[in-house]
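Here the structure is laid out as structure tokens; the discussion comes afterwards.
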Number of protein chains: 2
Amino acid sequence: MAVPLPDYAKPLLDGRTVVTLATLNEDGSPHASPVWAARDGDDVLLSTLVGRQKERNLRRDPRVSIVAVNPENPYEYAEIRGTAALSPDGARELVEQLSQKYTGGAYTNDGPGDERVTVRVTPEHVTGMGMR
Amino acid sequence: MAVPLPDYAKPLLDGRTVVTLATLNEDGSPHASPVWAARDGDDVLLSTLVGRQKERNLRRDPRVSIVAVNPENPYEYAEIRGTAALSPDGARELVEQLSQKYTGGAYTNDGPGDERVTVRVTPEHVTGMGMR
């Protein structure tokens, strides 16, 4: 069931700090990788390529956990658990938006055969702000 | 099977940037949280409390993924997959060492009933340095 994104989580996603995406490998073990992130209301938007480990994992099992941390104060963080939906729609525009946000420049890393997808994560459980 | 930690991963663990630990919840979904980390040779050392979500997850299933990122250049990162071993031995000394490294001061957050444990992660698969 979708939940609203708490206000404290929003600046952690709107800034330029990479977040960590955790997914599930085929054997059920966790996989984690750093990713660029944007926010669309209460949803988290990520970008990946068809065939990448995280993309194959998400097609098999869409359950994810995303951690966003303020590097200036790691007690300010959010763990966002939710379900991912993959779509090719707007994938080129999204990676361009992410590149502008994170690097200030255009995205030029994809090859001619690369199929990019948008990963939309709808939050179902959010915790944070009290690491020990 | 244990593998050596690649040289590029070592400064990412030796610095003062928090890492993200991914574990498995009881329903098999991923859980991720920011944690302090230290390195003992090729092993990654983390600290947690008995009863915390990550501690309960690790007792049930010790498979983890740890992501360490250079915040100055997120293309410099390591994903360390491995197996965690939990022990109360040296747990107080470790959290003190971590606190000195990350905050420059003593660790004073635990309550009288808190049981702290050392989480030793032996790497089995390490990737990184080429995020897209």
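Any read-out appearing in this document is the output of simple, stated calculations on the displayed coordinates, not a laboratory observation. Keep in mind the model is a prediction, meaning the values are calculated, not measured. Cβ atoms come from the backbone with ideal geometry, glycine included; neighbour counts cover every protein chain shown.
Quick look at the numbers
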{"item": "2 or more residues among the polar types (S, T, N, Q) and within 23 Å of residue A:28 (Cβ to Cβ): qualifying helices (runs of 4 or more DSSP H) within segment B:1-119", "result": "B:53-60"}
{"item": "Residue count for segment B:15-63, restricted to those that are of a type in the set (D, E, K, R) and over 20 Å from residue A:74 (Cα atoms)", "result": "10"}
{"item": "Options B:91, B:106: the member that is more than 11 Å from every other protein chain (Cβ to nearest Cβ), surrounded by fewer than 17 Cβ atoms within 10 Å (Cβ to Cβ) and either of a type in the set (A, V, I, L, M, F, W, C) or within 17 Å of residue B:19 (Cα to Cα) (or both)", "result": "B:106"}
{"item": "Selection count, segment A:109-132, where residues are of a type in the set (D, E, K, R), more than 13 Å from every other protein chain (Cβ to nearest Cβ) and over 15 Å from the mean Cα position of the chain (by Cα)", "result": "0"}
{"item": "Segment A:49-65, subset at the interface with another protein chain (Cβ under 7 Å from one of its Cβ atoms) and of a type outside the set (S, T, N, Q), residue surrounded by the most Cβ atoms within 10 Å (Cβ to Cβ)", "result": "A:64"}
{"item": "Sole exception among (1) small (Gly, Ala, Ser); (2) surrounded by 15 or more Cβ atoms within 10 Å (Cβ to Cβ); (3) in contact with an Asp or Glu (Cβ under 9 Å, 6 or more places away or on another chain); (4) on the phi < 0 side of the Ramachandran plot for residue A:78, by number", "result": "(3)"}
